[in-house]
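S.K.: The structure is given below, and queries will be raised subsequently.
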Amino acid sequence: MSSGTSKIVESIMSEAKEKADVIIQDANAEVSAIQAKAEKTAEAEKTKILENGKKQSDMRYQQIISEAKMNARRAELGAKEEVIEAAFNQAIGELKIKASSGDDEYEDSLSKMIKEAADEIGGNDLIIQLNEADTKKIKDELSANGSDSFQLDEINFTLGEPIDAMGGAVLKTVNGDIEVNNTIEARLERFKSILRSEVAEILFK
C-alpha cells in the first residue's frame, strides 16, 4: 500500500471513528434521556400509587370510624329503647294493679274515661263495655233495680258484654255505627309516642 493510499485509508478511518464517536455519544445521550424519563415516570407512578394507597387507607379508616360510630349509636339507641320499654312495662304492671284494686282513684279515672268517650260520641243513649271486674261490680250495684242500665251526667248507659282490658271503657251508639275505645290499652297506644318522648327526656336528660 503506497503512502498516498495509506493516508486516504487513515483519513477515512479517522472520519469514520469520529462519526462513530458522535453516534455513540448521541446514543448514550438518548439512552440517558430515556432512562431519566423512565425513572421520572416510575417515580411519578410510585408517588401516585402511594398517594392512592394513602387515600384508600384514609378512606378505609374513615369508613371504619363511621361504622364504629354508627354501631355505637345503634347500640346506645337499642339500650335506651330497652330502658324505655322496661319503664313502660313497669307502668303497665302498676296500672293493672291499680285497675284491679278498684280503689277511689281508679273509680274517678274510670268515670273520666267514660265521660270523655261519651262526649266524643255525643247522644244520650249509649252502650258501655267494661272489663269483667268492672262489669261485675256495676251489675252487682244494678241488681237491686233488676236493670242493666244506669245514668251518668244525664246520659243513659246500657251495660254490654265484658271486654278483655285492664280498665277503661268502650262506648258505642245503640245501632253500633259509632264506637270509641277509651280503655287503658287504647289510651296508652294513642299517647305512646308522646309518652315515649317524655320518658326518654326524664331518663336521659
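S.K.: Please go through segment 162-180 and pick out each residue that is part of a strand (DSSP E or B) and either free of Cβ contacts under 8 Å to residues at least 40 places away in the same chain or not polar (S, T, N, Q) (or both).
M.R.: We begin by selecting, within segment 162-180, every residue part of a strand (DSSP E or B); these are 163, 168-173, 179-180.
Once the filter is applied, which keeps residues that are part of a strand (DSSP E or B) and either free of Cβ contacts under 8 Å to residues at least 40 places away in the same chain or not polar (S, T, N, Q) (or both), segment 162-180 yields ILE163, GLY168, ALA169, VAL170, LEU171, LYS172, GLU179, VAL180.
S.K.: Which residue out of LEU142, LEU50 is over 30 Å from LEU195 (Cβ atoms) and modelled with pLDDT under 80? Write out each step before concluding.
M.R.: Values: LEU142 fails: modelled with pLDDT under 80.
Going through LEU142, LEU50 in turn, the sole match is LEU50.
S.K.: Would you pick out the residues in segment 196-205 that are surrounded by 13 or more Cβ atoms within 10 Å (Cβ to Cβ) and assigned to a loop (DSSP other than H, G, I, E, B)?
M.R.: Kept after step one, since they are surrounded by 13 or more Cβ atoms within 10 Å (Cβ to Cβ), are these residues of segment 196-205: 196, 199-200.
Passing the criteria: none in range.
S.K.: Please go through segment 61-79 and give me each residue that is at pLDDT 75 or above and more than 30 Å from ARG196 (Cα to Cα), ordered by number.
M.R.: GLN62, GLN63, ILE64, ILE65, listed by residue number.
S.K.: Give the residues of segment 101-110 that are of a type in the set (Gly, Ala, Ser) and farther than 17 Å from LEU188 by Cα, sorted by residue number. First the steps, then the outcome.
M.R.: First pass over segment 101-110, keeping only residues of a type in the set (Gly, Ala, Ser): 101-102, 109.
Within segment 101-110, SER101, GLY102 qualify.
S.K.: Restricting to segment 162-190, name every residue that is β-branched (Val, Ile, Thr), surrounded by fewer than 15 Cβ atoms within 10 Å (Cβ to Cβ) and closer than 14 Å to ALA117 by Cβ.
M.R.: So in segment 162-190, the residues β-branched (Val, Ile, Thr) come out as 163, 170, 173-174, 178, 180, 183-184.
Narrowing the set further to residues that are surrounded by fewer than 15 Cβ atoms within 10 Å (Cβ to Cβ) leaves 174, 178.
Matches in segment 162-190: ILE178 only.
S.K.: If SER193 passes every condition in (1) surrounded by 11 or more Cβ atoms within 10 Å (Cβ to Cβ); (2) of a type in the set (S, T, N, Q); (3) under 30 Å from ILE84 (Cα atoms) but one, which one does it miss?
M.R.: The single condition SER193 does not satisfy is (1).
The values are calculated or read from the model by the stated rules, or taken from the named source; none is laboratory data. As the structure is a prediction and not an experimental result, all values here were calculated from the model. Ideal geometry is used to build each Cβ from the backbone, glycine not excepted, and the neighbour counts take in all protein chains shown.
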